[in-house]
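The values are calculated or read from the model by the stated rules, or taken from the named source; none is laboratory data. Worth saying up front: this structure is predicted, and the values here are computed from it rather than measured. Every residue, glycine among them, receives a Cβ derived from its backbone with ideal geometry; neighbour counts consider all protein chains shown. What goes into the accessible areas is simple: the full protein's heavy atoms, side chains included, and nothing from ligands, DNA or RNA. Shrake-Rupley method; radii C 1.70, N 1.55, O 1.52, S 1.80 Å.
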Amino acid sequence: MPVLGDIMEKIIFLDIDGVLNDNTVNGYLNRCVDCLKKYISDKDIKIVIISSLQSTGTVKKRQKLEKSLGEVGIKIDDFIDPNFKGNLGGVSLSNRVLGIIDYLKEHSNSEYVILDDEYKNDYKMLGLNHLEVDMWTGLEDKSLERISFKKVNLDILNRVNYSYRELGDYELATNNLIKTLKRVLKKQEDIKK
C-alpha cells in the first residue's frame, strides 16, 4: 500500500505493430502517434516498450526504437525483458506477457495499462489490465476513451511460474551467422563504392 503522500507511478506498456501502425505499413502512422501523444501530453506517464521489435532485447535494437520513436515525439522510459519462459497452471505464457509480469513485480507500487493488439487471452486469464487495439486500424481517438489505469495485483502475478531464459545454442549460432552476413554485405558494399 502506498504511504500518504506517495504518488503511484503510471505505466503504459506499449506494443508498436498494430498499435502505432495498422499492420499494413512499416514505420508509424501519424494519426496513431498523434493519438498517443495527445493522451500522454501533460501527464506523468512512463512508456515501457513490449514490442517484439526489440527481439531478444539487444542494445542496438532498443536504441533504434528509442531513436525512431523519439523522432516522432514519443519518449521511451524503459523496455520489458523479453527473455523469460513460464506458465500458469501448466499453460505456457508468451515471453511478452512474462516480461510484463516481471516488470510489474519490480514496480508493484504503480498503476498500468497494456496497449497491445495481441495476447488477449493471456492477459484476460491473468486479469491483467489490457486495452486491445485493433491491429487493422491501430490506436484511435475512440481507444483513448477506454484507457484506464489499474493497480498492480501481486496476488495474481505471484502465481505465475517463470524463469529467465538463456539463449540456446541455435539462437546464439543464428545471431552470430546474421552478424557475419551483415559484415560480409557491408564489406561488399564498401568495395563497390
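Picking from residues in the range 128-165 that are in a helix (DSSP H, G or I) and free of Cβ contacts under 8 Å to residues at least 60 places away in the same chain, the one that is nearest to ILE80 (Cα to Cα) is LEU157.
Out of the range 96-150, which residues are open to solvent by 20 Å² or more (accessible area, probe 1.4 Å) and within 19 Å of LEU29 (Cα to Cα)? Within the range 96-150, GLU118, GLU132, ASP134, MET135, TRP136, THR137, GLU140, ASP141, LYS142, LEU144 meet the criteria. If I ask for residues that are modelled with pLDDT under 85, assigned to a loop (DSSP other than H, G, I, E, B) and either over 25 Å from LYS150 (Cα atoms) or open to solvent by less than 10 Å² (accessible area, probe 1.4 Å) (or both), which ones from the range 42-81 would you list? Of everything in the range 42-81, those that are modelled with pLDDT under 85, assigned to a loop (DSSP other than H, G, I, E, B) and either over 25 Å from LYS150 (Cα atoms) or open to solvent by less than 10 Å² (accessible area, probe 1.4 Å) (or both) turn out to be SER55, THR56, GLY57, THR58.
Test TYR39 against the criterion of being over 15 Å from the mean Cα position of the chain (by Cα), closer than 19 Å to MET8 by Cβ and not charged (D, E, K, R), and give yes or no. Considered against the rule, which asks whether it is over 15 Å from the mean Cα position of the chain (by Cα), closer than 19 Å to MET8 by Cβ and not charged (D, E, K, R), TYR39 comes out as yes. Answer yes or no: is there a residue in the range 100-117 that is in a helix (DSSP H, G or I) and under 11 Å from TYR162 (Cα atoms). Among the residues of the range 100-117, at least one is in a helix (DSSP H, G or I) and under 11 Å from TYR162 (Cα atoms), which makes the answer yes. Just to be sure before I move on: is LEU167 touching a helix residue (DSSP H, G or I) at 6+ places or on another chain (Cβ under 6 Å), at pLDDT below 90 and open to solvent by less than 100 Å² (accessible area, probe 1.4 Å) in the structure I sent? When the stated conditions are applied, LEU167 does not pass them.
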